[in-house]
Amino acid sequence: MKKTLIIYDSYFGNTKKIAETVEGRLKGILDPSLMQINEFSMNMLNDIQILIAGSPTRGFKPTEAYLNLFKKIPEHALAGIQIAVFDTRIDPADIHSIIFRFIVQRGGYAAPKIVKELTNKGGQLILPPEGFFVEKSEGPLKGGEETRAAAWSEKIISLIEAKK
């Protein structure tokens with residue numbers, strides 16, 4: 001089984017729920033370990049084949065903990081490691097102000113920024129990043145998002161198994 005590290009940051013528990021759903025779905029197929037980003041250390045990269053990263057979107061970007069982590073990861077440290085990335089975010093359809101919706105869509109989300117950083121360090125993207133929706137900035141997750149996270153996990157499994 002491929003060793004998989006799932007790291008996440010979470011302010012209100014929404015990103016943690018998605019990370020736990022992903023871990024639960026991968027168990028028995030891949031070998032997942034789940035941890036909050038502040039528990040992560042660089043030597044953990046030595047033993048994994050897959051890295052899954054999740055962050056809430058805060059001010060159009062990942063959390064400060066992720067921004068600090070990116071500075072510490074050496075160039076090419078993720079060479080040979082497959083990556084998948086997700087974030088939690090407000091659904092633009094739930095933003096009633098046209099101006100604010102435009103700002104959110106232009107500012108972007110955490111996941112694409114994490115992908116850019118991790119691929120710049122040598123990570124190989126398994127599939128496009130995924131965004132899971134919260135009802136308000138503090139949550140909760142919108143209905144069906146944990147089911148979508150399980151389905152996203154299935155895609156990861158299928159793509160990893162296809163590369164064997």
### Message
Taking 0.36 nm per residue of sequence separation and subtracting the Cα-Cα distance, how much length would be gained by fully extending the chain between Glu20 and Asn46, in nm to one decimal?
### Response
7.1 nm
#### Entry: Cα centroid separation - segment 112-138 against segment 27-98, whole Å
7 Å
### In nm, spacing of pseudo-spin labels at Ala77 and Lys2 (7 Å Cα→C-beta vector)
2.1 nm
### Query
At 222 nm, what helix-only mean residue ellipticity would the chain give, in deg cm²/dmol to the nearest 500, using -39500 (n - 2.57) for each DSSP H run of four or more?
-11500 deg cm²/dmol
### Task
Using 0.36 nm per residue of separation minus the Cα-Cα distance, give me the extension gain between Glu135 and Phe102 in nm, one decimal.
10.1 nm
### Query
Shape of the chain from its Cα gyration tensor (a ≥ b ≥ c, root eigenvalues): rounded if a/c is under 1.5, otherwise prolate when a/b > b/c, or oblate?
prolate
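Quick note: the coordinates plus some simple rules give every number you see, no bench work behind them. The shown structure was predicted, so the numbers you read here are calculated from the model rather than taken from an experiment. Glycine gets a Cβ as well: all are built from the backbone with ideal geometry, and neighbour counts include every protein chain shown.
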